[in-house]
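Visitor: Submitted below is the structure of interest, expressed as structure tokens.
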Amino acid sequence: RKEVEQDPGPFNVPEGATVAFNCTYSNSASQSFFWYRQDCRKEPKLLMSVYSSGNEDGRFTAQLNRASQYISLLIRDSKLSDSATYLCVVIFHSGGYQKVTFGTGTKLQVIP
Amino acid sequence: DGGITQSPKYLFRKEGQNVTLSCEQNLNHDAMYWYRQDPGQGLRLIYYSQIVNDFQKGDIAEGYSVSREKKESFPLTVTSAQKNPTAFYLCASSSDWAGYTFGSGTRLTVV
């Protein structure tokens with residue numbers, strides 16, 4: 001089983017739709033979680049952190065389910081500009097050791 | 001403005017040639033990283049450095065070398081031993097894992 005798994009998509013959704021992505025992880029001791037956005041042929045950029053209590057930033061909501069070992073990203077009222085690849089990042093750290101694992105990304109295409 | 005700068009943006013390498021990719025940051029971050037991204041694949045860690053004059057191999061270090069003589073700089077050399085170097089190379093820096101800041105990347109192509 002991969003350490004971090006994402007459905008590669010593409011998810012093709014109409015403007016205004018709500019779309020959700022999941023990212024599963026295998027290390028139950030993982031402590032930190034993030035979502036990054038990567039536009040075509042560009043570098044990834046931090047979208048939001050993921051907290052146990054869930055967090056919201058405008059149209060974006062991120063949640064963590066530790067029992068089932070997945071994080072999710074919900075995008076409401078999709079815009080054309082949301083079209084990108086969304087990468088999840090899972091971090092395990094203990095003492096001075098840290099392991100950062102990126103998912104392979106989920107591609108979102110918002111259609112007019 | 002603080003940031004992380006990679007150069008060049010595009011690089012062409014001949015067979016058997018070593019090339020060096022530059023990465024400079026003025027964010028005062030201690031940790032710096034090199035990743036490789038291939039089409040349809042996730043980011044794979046090549047090397048990382050958590051402090052000046054120290055660096056560690058990542059998951060795919062073979063055929064690559066790095067140095068960390070200054071806090072601001074973490075150059076990556078792609079040696080002739082790397083048999084399939086064509087990829088998108090991303091440099092990143094971080095401080096206490098508030099998240100990575102990535103450079104804009106270097107696209108390396110073997111010609």
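The values are calculated or read from the model by the stated rules, or taken from the named source; none is laboratory data. Being a predicted model, the structure only gives us computed values, none of them experimental. Backbone-built Cβ (ideal geometry, glycine too); neighbour counts: all protein chains shown. Heavy atoms of the whole protein, side chains included, go into the accessibility calculation; ligands, DNA and RNA do not. Shrake-Rupley method; radii C 1.70, N 1.55, O 1.52, S 1.80 Å.
Visitor: B:Phe55 fails exactly one of the following numbered conditions: (1) touching a residue at least 12 places away in the same chain (Cβ under 8 Å); (2) open to solvent by less than 80 Å² (accessible area, probe 1.4 Å); (3) in contact with a strand residue (DSSP E or B) (Cβ under 8 Å, 6 or more places away or on another chain). What is the number of that condition?
Guide: (2)
Visitor: Let me ask something else. Taking the criterion of being among the acidic types (Asp, Glu) and within 23 Å of A:Tyr86 (Cα to Cα), would at least one residue in region B:29-38 satisfy it?
Guide: Yes.
Visitor: Across region A:7-30, what is the total count of residues that are within 11 Å of A:Gln109 (Cα to Cα) and surrounded by 12 or more Cβ atoms within 10 Å (Cβ to Cβ)?
Guide: Looking only at that region, the number is 7.
Visitor: Could you go through region A:52-63 and let me know if any residue there is assigned to a strand (DSSP E or B), buried (at least 20 other Cβ atoms within 10 Å of the Cβ), modelled with pLDDT under 95 and more than 12 Å from chain B (Cβ to nearest Cβ).
Guide: Checked region A:52-63: no residue is assigned to a strand (DSSP E or B), buried (at least 20 other Cβ atoms within 10 Å of the Cβ), modelled with pLDDT under 95 and more than 12 Å from chain B (Cβ to nearest Cβ).
Visitor: Can you pull out the residues in region A:20-48 that are over 21 Å from A:Lys79 (Cα atoms) and either at pLDDT 95 or above or part of a strand (DSSP E or B) (or both)?
Guide: A:Cys23, A:Thr24, A:Tyr25, A:Ser32, A:Phe33, A:Phe34
Visitor: Which of the strands (runs of 3 or more DSSP E) contained wholly in region B:1-92 include at least 3 residues that are farther than 25 Å from A:Val4 by Cβ?
Guide: Those strands (runs of 3 or more DSSP E) span B:10-13, B:19-25.
Visitor: What is the residue count in region B:96-111 for residues that are in a loop (DSSP other than H, G, I, E, B) and either open to solvent by less than 50 Å² (accessible area, probe 1.4 Å) or at pLDDT 90 or above (or both)?
Guide: So the first thing to find is which residues in region B:96-111 are in a loop (DSSP other than H, G, I, E, B), and the list is B:96-100, B:103-105, B:111.
From what is left, the residues that are either open to solvent by less than 50 Å² (accessible area, probe 1.4 Å) or at pLDDT 90 or above (or both) are B:97, B:99-100, B:103-105.
Of the residues in that region, 6 qualify.
Visitor: Here is a further query. Go through A:Gln69, A:Gln38 for me and flag whichever is away from chain B (no Cβ under 14 Å), under 30 Å from B:Gln56 (Cβ atoms) and touching a residue at least 24 places away in the same chain (Cβ under 8 Å).
Guide: A:Gln69
Visitor: Before we move on, is A:Arg41 surrounded by fewer than 15 Cβ atoms within 10 Å (Cβ to Cβ) and under 17 Å from A:Thr18 (Cα atoms)?
Guide: No; evaluated as a whole, the condition is false for this residue.
Visitor: For the structure I just gave you, tell me whether B:Leu43 is within 21 Å of A:Gln38 (Cα to Cα), aliphatic (A, V, I, L, M) and facing chain A (nearest Cβ under 10 Å).
Guide: Against the criterion (within 21 Å of A:Gln38 (Cα to Cα), aliphatic (A, V, I, L, M) and facing chain A (nearest Cβ under 10 Å)), B:Leu43 qualifies.
Visitor: If a residue has to be within 13 Å of chain B (Cβ to nearest Cβ) and either more than 13 Å from A:Phe21 (Cα to Cα) or acidic (Asp, Glu) (or both) to count, how many in region A:95-112 make the cut?
Guide: The number of residues fulfilling the criteria is 8.
Visitor: Criterion first (more than 22 Å from A:Ala29 (Cβ to Cβ), open to solvent by 10 Å² or more (accessible area, probe 1.4 Å), within 13 Å of another protein chain (Cβ to nearest Cβ) and of a type in the set (D, E, K, R)) does A:Lys79 satisfy it?
Guide: no
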